[in-house]
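No value in this document is a laboratory result; all are computed from the given coordinates. Quick caveat: nothing in here was measured; it's all calculated off a predicted structure. All Cβ positions, glycine included, derive from the backbone under ideal geometry; neighbour counts span all protein chains shown.
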Amino acid sequence: MSAAQLLELAQAEGIQLVLEDGRLTWEADHEPPGELLQEIRTHRLEIIKALHEASDSPPQAMEWLEKLAGLLGCSPDYLLVHGFVDRHDLAEQCHIHPRFAARLIRTHPDWRPPH
């Protein structure tokens, strides 16, 4: 299972995966399923990398990414982990309206909005 799939699965279960001082942890109002916790442990480094790349961006870029994700019906993590947006895109594109990037992403042959 990929980091993107795990982030989506965790979100669907009501679990937020976050970095605290560089360590991967989770926040939820209930105990996550054991299978999910095991998958998170197995892919911990991939998840940390994906979350770290997302957190390295300036606030304006993160606001742009949130708007873009909203237009596409997905999470910012989904866009980052699946490679539809990278940190260079965040730096270069955050000054244009996200609808232009959304149009471009929708034409990508690998684009599949999450379920």
(message) Rg and Dmax in Å for the stretch 59-106, alpha carbons only: what are they?
(response) 9.1, 25
(request) Enumerate the whole-percent occupancy of each 5 Å bin, from 0 to the last occupied one, for all C-alpha pair distances of the stretch 3-55. (result) 4, 21, 37, 25, 11, 1
(request) Could you give the spread of the C-alpha atoms of the chain along their three principal axes, from largest to smallest, in whole angstroms? (result) 41, 30, 23
(request) Quote the FRET efficiency, to the nearest 0.05, computed for Thr42 versus Glu66 with a Förster distance R0 of 25 Å and r equal to the Cβ-Cβ distance. (result) 0.30
